[in-house]
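Asks: Quick one: structure below, then a few questions.
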Amino acid sequence: MLQSRVTRLGRTALIGIVGALAVSLAGCESERDTGDGDRNETEPFVFGVPTDARTLDPIFTTDGETFRVTRQIYDTLLDHEPGGKEIVGGLAEDWESSDDGLEWTFQLREGVTFHDGEELDGEAVCANFDRWHNFEGAYQDTNFTYYWQNMFGGFAENEEGVDTEEKFRSCTADGLTVTIEVAEPSASYPGAFSMATFAILSPGSLEQIEDDEITSADSAFPDYTQGEGVLAGTGPYQISGWDHGSQEITLERFDDYWGDNAKVKTLIFKTISEETARRQALEAGDIHGYDLAAPGDVEPLKENGFQVPTRDVFNILYLAFQQETTPEFADLEVRQAMAHAVDRQRIVDTILPEGGEVASQFMPPTVDGWSEDVTTYDYDPELAEEMISDAGVDGLTVDFCYVTDTSRPYMPAVRDIFEIISSDLEEVGLSIDPKPMEWDQYIPATNSGQCSLYLLGWTGDFNEGYNFLGTWFDRPSDEWGFENDEIFDLMSEIDRTPDPEERAGKLAEANEVIMDFLPGLPISSSPPAIAFAPDVEPMDVSPLTQEVFADVSFAEE
Amino acid sequence: MALGTDRVNKVDRLAELTAQRDGDAEGASLLRETFGRLRRSPMAISGAVIVGAFLFVAVIAPFVAPYEPGAQLWGREVMPNQNVFVGPRGENWFGLDHLGRDQLSRMLVGARNSLLVGVVATLLGFTAGAMLGGVAGAAVSLGRAWGRRLDAVIMRFIDMMLAIPALLIAVSIAAILGPSLTTVMVAVGLAQVPIFARLLRGSMLAQSHSDYVLAATALGVRRPRIVRSHILPNSLGPVIVQATLTLATAIIEAAALSYLGFGNPDPATPDWGAMLADAQRFLVGAPELAMYPAVAIIITALGFTLLGEAMRESLDPKLRK
């Protein structure tokens, strides 16, 4: 605390001196009308993103590009350290849970102001939780409240057809102390409190929001979520405007921010969907940074002086074997054969960005619960071919779905990866029927089991192994098409274990069981590449892709 | 050469004679004259050479391609993520593509697919277009009220198709049918229909006002017969020329559709458009990967265009010496 006060004093003094200098310089060089004033104040920082945000009220989505924007506007109770994956305080300075993991108490920071001038207190936090808990009607569709249901269960009154069990019990405020009670312990806490989707909005904005605009599962997002005016948070930036035509969201610095003020006054997120177009925009100076650079662009960019800092890996790309769609896959030998057939090292070496690695299990090695003792499947095409013909599935034709129109943080150059895998599988005696799809069709198709083979992945929401394994294997699903009670029981046991160390032990066991059963083949973990112009001082890049844009600035000349 | 005695036979014989174009009449026949002029035209010769070479390559490709075009034989040598590409060398004359496949083999086999798409699409467009245009043209030439009405209906439909850019029609069709080689053929073919239809109808209308039609009419030949054996055969010339020109467009449009991702869903099967689309990502690291298919498309299209233009000129009576 003391230290930070000194820095703040230091900052004020510095700003004063810089201001005085600026005035005196302006006096000396009054005839120069361009003036080399502080670029951070005069020039917007433009960041190129692959897709538009969907809503500025983040409770309604699961989409990373939305969170990239809303994370700069709102705070959450907990947060991650900048550039890391350890959980630190956000709006809460301190937090603790009861031993049974049912009661979470948060001590809020003092002197936090919302963009609309209101002060943060416990009531404001509880107002948000109560709003989510009391959603009715179409708001209860997983299209709008997937994360709430996933992390905090059902609603005060579940509509017909919503069978999510209620996990959230109550939120009680006492001054700056907030106590949240849940029905059962879960591996998702406290991580869930750090998720951008559970952003704390000001009580003033909550009053203006009327939660009746979403009337069906395919309703558009309400108007207030699509621009400035209603929504206020506590973050370093406030909403200034959203131009849907040019797909630009403009944020302005919020000067009464509780932490260090943002370095750049104006921040713009500009959508440029194509990888190549984003690179060209950066090279032309139209934007000052962009995310998800194509791996092939990284070297040329570096050679030309652009900065491409490397993130730590925190994701998994896997090849799923759907056992119900293709009954032959129910034979373990066939799944093992496919695992031996794919040259994963080649994918990592030739396609993925630097820093990628072959995955041995369904979580990256940096997560607690990663096990050294899982069964591994080395690249061995001869063995694979033998196993395929032993199993009698020589020449079996299988559908292999792949995405044509997008790349994800865990899989750049999807089609190249697809081509390598499908050529490897054909090499050992399978026959591949390629099914190209757009992302919008791909997710429903894979979720409903229409594809025998498909590539998907996951970036962790927070540093918790269950956030990886539980996402896939906590229940029978059409995504995978298998029943394995050993795995499902282990998963629900893990979810109910509040002690992190004990949980890590069980997660390691689960990893071993899963890799013996081999429901799919984990391919790789790889860091998505983010690029900045040479004259930018980038923020610390985050393995969770949760960069803090308040820390970015133009370099002084 | 005796004309029969009774009237019906006489009229029939006259009709045949007026419809006759070649044979023992004085002066060179239209076809022979055309060929003669084509032989002397440098444009036609270069066009024919290019087209011939392209056809030859497309036919023999599978036998001369040094490697299996889909096999990633040198997969570990090419690293697009590090900008490492393998250029031309002894065993791979055109170098390797981004997944370590032999670029020369892919170019050769790609020619086959491009030709197949071009020819099938053109045939489709030609057949459908000629049928629509032929019916409309015939209906007008027959000259009854219902004929004009039928013509109006068909031609307004064609006008509607013309109002939409060809590529847009093609993309819409491709979006409905889903990506495949057949889709590209159908899409490109249908996009050409209005051109063929209008051309044939226009040409038939022009012929129907010509002197020999008037002569035949004066001799008492019935309208359907005039349309069938006089107007239609004489109107086909420009349409056939158009088909040659369309082949060039079809190859380019097929490439464009593959480029946009509507082509063969199996990316291992090469065609020039898809290869170009793939190579675009590596323009910085390996511009030559894009050059090969791009230059091949340009040269082939140029060949068909030259040939078509030369044919058009030599068929044009106004240019006859």
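The values are calculated or read from the model by the stated rules, or taken from the named source; none is laboratory data. The structure displayed is predicted, hence computed values, not measured ones. Note: ideal-geometry Cβ built from the backbone for every residue, glycine included; neighbour counts use all protein chains shown.
Asks: Which one of these is charged (D, E, K, R), assigned by TED's automatic domain parsing to the domain that holds A:Glu328, surrounded by 14 or more Cβ atoms within 10 Å (Cβ to Cβ) and at pLDDT 95 or above: A:Glu479, A:Glu512?
Replies: A:Glu512
Asks: Still on this structure: Identify the residue in region A:389-424 that is of a type in the set (S, T, N, Q) and in contact with a Pro (Cβ under 9 Å, 6 or more places away or on another chain) and, among all such residues, is nearest to the other protein chains (Cβ to nearest Cβ).
Replies: Among those that are of a type in the set (S, T, N, Q) and in contact with a Pro (Cβ under 9 Å, 6 or more places away or on another chain), it is A:Thr404.
Listed here are the residues, each with its yes/no results for (1) farther than 27 Å from A:Ile272 by Cα; (2) modelled with pLDDT of 95 or more; (3) surrounded by 20 or more Cβ atoms within 10 Å (Cβ to Cβ).
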{"position": "A:Ile17", "(1), (2), (3)": "yes, no, no"}
{"position": "A:Cys28", "(1), (2), (3)": "yes, no, no"}
{"position": "A:Asp38", "(1), (2), (3)": "yes, no, no"}
{"position": "A:Glu65", "(1), (2), (3)": "no, no, no"}
{"position": "A:Tyr74", "(1), (2), (3)": "no, yes, yes"}
{"position": "A:Leu78", "(1), (2), (3)": "yes, yes, yes"}
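Asks: Can I ask one more? Scan region B:35-63 for residues that are touching a Ser or Thr at 6+ places or on another chain (Cβ under 6 Å) and of a type outside the set (D, E, K, R) and jot them down.
Replies: Answer for region B:35-63, where residues must be touching a Ser or Thr at 6+ places or on another chain (Cβ under 6 Å) and of a type outside the set (D, E, K, R): B:Leu38, B:Phe54.
Asks: Based on what the data block shows, is B:Val117 under 30 Å from A:Ile351 (Cβ atoms) and at pLDDT below 90?
Replies: For B:Val117, the condition - under 30 Å from A:Ile351 (Cβ atoms) and at pLDDT below 90 - is met.
Asks: Six or more apart or on different chains, Cβ under 7 Å: which pairs go from a residue in region A:369-393 that's in a helix (DSSP H, G or I) to one that's surrounded by fewer than 17 Cβ atoms within 10 Å (Cβ to Cβ)? Could you list them?
Replies: Close Cβ pairs satisfying both conditions: A:Pro381/A:Glu427; A:Met387/A:Glu333; A:Ile388/A:Asp394; A:Asp390/A:Glu333.
Asks: Which one of these is over 24 Å from the mean Cα position of the chain (by Cα) and at pLDDT 70 or above: B:Val57, B:Val49, B:Val64?
Replies: B:Val64
Asks: Quick test for you: out of B:Pro224, B:Pro270, pick the one residue that is modelled with pLDDT of 85 or more and either part of a loop (DSSP other than H, G, I, E, B) or surrounded by 21 or more Cβ atoms within 10 Å (Cβ to Cβ) (or both).
Replies: B:Pro270
Asks: Grab the strands (runs of 3 or more DSSP E) fully contained in region A:199-300, keeping just those with 2 or more residues being in contact with a Pro (Cβ under 6 Å, 6 or more places away or on another chain) and either within 21 Å of A:Asp52 (Cα to Cα) or of a type in the set (Ser, Thr, Tyr) (or both).
Replies: Values: elements: A:237-243, A:248-253, A:266-271, A:289-293.
The strands (runs of 3 or more DSSP E) meeting that bar are A:266-271.
Asks: A further question on this structure: Any idea which of A:Leu425, A:Leu490, A:Leu507 is in contact with a strand residue (DSSP E or B) (Cβ under 8 Å, 6 or more places away or on another chain) and surrounded by 15 or more Cβ atoms within 10 Å (Cβ to Cβ)?
Replies: On inspection, the qualifying residue turns out to be A:Leu425.
Asks: So which residues in region B:57-82 are surrounded by fewer than 19 Cβ atoms within 10 Å (Cβ to Cβ), within 14 Å of chain A (Cβ to nearest Cβ) and either charged (D, E, K, R) or in a loop (DSSP other than H, G, I, E, B) (or both), if there are any at all?
Replies: Result: B:Tyr67, B:Glu68, B:Ala71, B:Leu73, B:Trp74, B:Arg76, B:Glu77.
Asks: While we're looking at this one, here's another question. Just checking, which of A:Glu382, A:Glu438, A:Glu386, A:Glu427 is within 14 Å of chain B (Cβ to nearest Cβ) and farther than 30 Å from A:Met151 by Cβ?
Replies: Criteria check complete, one pass: A:Glu427.
Asks: Can you say whether A:Phe329 is surrounded by 22 or more Cβ atoms within 10 Å (Cβ to Cβ) and more than 12 Å from chain B (Cβ to nearest Cβ), as far as the supplied structure shows?
Replies: Taking the combined requirement at face value, the residue satisfies it.
Asks: Something else about it: Which count do you get for residues in region A:124-171 that are crowded, with 20+ Cβ neighbours inside 10 Å and among the basic types (Lys, Arg)?
Replies: 1
Asks: At pLDDT below 90, over 24 Å from the mean Cα position of the chain (by Cα) and surrounded by fewer than 23 Cβ atoms within 10 Å (Cβ to Cβ): does that describe A:Asp499?
Replies: Against the criterion (at pLDDT below 90, over 24 Å from the mean Cα position of the chain (by Cα) and surrounded by fewer than 23 Cβ atoms within 10 Å (Cβ to Cβ)), A:Asp499 qualifies.
Asks: With the checklist (1) at negative phi; (2) away from chain B (no Cβ under 14 Å) in hand, flag the one item A:Gly305 doesn't pass.
Replies: With (1) at negative phi; (2) away from chain B (no Cβ under 14 Å) applied to A:Gly305, the lone miss is (1).
Asks: Can you name the number of the only condition in (1) within 12 Å of chain A (Cβ to nearest Cβ); (2) of a type in the set (D, E, K, R); (3) in a helix (DSSP H, G or I) that B:Glu288 fails?
Replies: The number of the failed condition is (1).
Asks: How many of the residues making up region A:91-108 are under 15 Å from A:Leu78 (Cβ atoms) and either among the acidic types (Asp, Glu) or surrounded by fewer than 18 Cβ atoms within 10 Å (Cβ to Cβ) (or both)?
Replies: 6
Asks: On to the next question. Tell me, please, whether a residue that is touching a Lys or Arg at 6+ places or on another chain (Cβ under 6 Å) and not polar (S, T, N, Q) can be found in region B:92-105.
Replies: So far as region B:92-105 goes, no, none of its residues is touching a Lys or Arg at 6+ places or on another chain (Cβ under 6 Å) and not polar (S, T, N, Q).
Asks: Please verify whether A:Val342 is modelled with pLDDT of 95 or more, within 25 Å of B:Gln82 (Cβ to Cβ) and of a type in the set (Val, Ile, Thr), treating the condition exactly as stated.
Replies: yes
Asks: Could you list all residues from region A:46-89 that are closer than 23 Å to A:Thr266 by Cβ and either among the hydrophobic types (A, V, I, L, M, F, W, C) or outside the structural domain of A:Val264 (by TED's automatic domain parsing) (or both)?
Replies: A:Val46, A:Phe47, A:Val49, A:Ala53, A:Leu56, A:Phe67, A:Val69, A:Ile73
Asks: Hey, could you check region A:353-373 for residues that are away from chain B (no Cβ under 14 Å) and of a type in the set (D, E, K, R) and say which is farthest from A:Ala294 (Cα to Cα)?
Replies: Selected residue: A:Asp373.
Asks: Looking only at region A:444-457, decide whether some residue is outside the structural domain of A:Phe152 (by TED's automatic domain parsing) and farther than 30 Å from B:Leu181 by Cβ. Outline the logic, then answer.
Replies: Residues of region A:444-457 that are outside the structural domain of A:Phe152 (by TED's automatic domain parsing), as a first pass: A:444-457.
With the extra rule that they be farther than 30 Å from B:Leu181 by Cβ, the set shrinks to A:457.
Yes, some residue in region A:444-457 is outside the structural domain of A:Phe152 (by TED's automatic domain parsing) and farther than 30 Å from B:Leu181 by Cβ.
Asks: So which helices (runs of 4 or more DSSP H) are wholly in region A:421-519 and hold at least 2 residues that are under 27 Å from A:Pro365 (Cβ atoms) and in contact (Cβ under 8 Å) with a residue 60 or more places away in the chain?
Replies: So the answer is A:465-473, A:485-495, A:500-517.
Asks: Can you tell me which residue within region B:171-202, out of those that are within 14 Å of chain A (Cβ to nearest Cβ), small (Gly, Ala, Ser) and assigned to a helix (DSSP H, G or I), is nearest to the chain's Cα centre (by Cα)?
Replies: Out of the qualifying residues, it is B:Ala174.
Asks: Now for a separate question. Being among the acidic types (Asp, Glu) and assigned to a helix (DSSP H, G or I) is the filter; apply it to region A:405-420 and report the residue that is nearest to the chain's Cα centre (by Cα). Before the answer, list the steps.
Replies: Taking region A:405-420 first, the residues among the acidic types (Asp, Glu) are A:405, A:416, A:419.
Those still in the list that are assigned to a helix (DSSP H, G or I) too: A:416, A:419.
On the way: A:Asp416: 24, A:Glu419: 27 Å.
The qualifying residue nearest to the chain's Cα centre (by Cα) is A:Asp416.
Asks: Tally time: how many residues in region B:240-285 are of a type outside the set (A, V, I, L, M, F, W, C) and within 13 Å of another protein chain (Cβ to nearest Cβ)?
Replies: Selection size over region B:240-285: 14.
Asks: Another one. Which condition number in (1) within 14 Å of another protein chain (Cβ to nearest Cβ); (2) within 21 Å of the chain's Cα centre (by Cα) is the one that A:Leu469 fails?
Replies: If we test A:Leu469 against (1) within 14 Å of another protein chain (Cβ to nearest Cβ); (2) within 21 Å of the chain's Cα centre (by Cα), just (1) comes out false.
Asks: Return the residues of region B:89-104 that are more than 17 Å from A:Ser422 (Cβ to Cβ) and either within 14 Å of chain A (Cβ to nearest Cβ) or in contact (Cβ under 8 Å) with a residue 60 or more places away in the chain (or both); say none if nothing qualifies.
Replies: Taking region B:89-104 as the starting set, the residues that turn out to be more than 17 Å from A:Ser422 (Cβ to Cβ) are B:89-96, B:102-104.
Those that are more than 17 Å from A:Ser422 (Cβ to Cβ) and either within 14 Å of chain A (Cβ to nearest Cβ) or in contact (Cβ under 8 Å) with a residue 60 or more places away in the chain (or both): B:Phe94, B:Gly95, B:Leu96, B:Asp102, B:Gln103.
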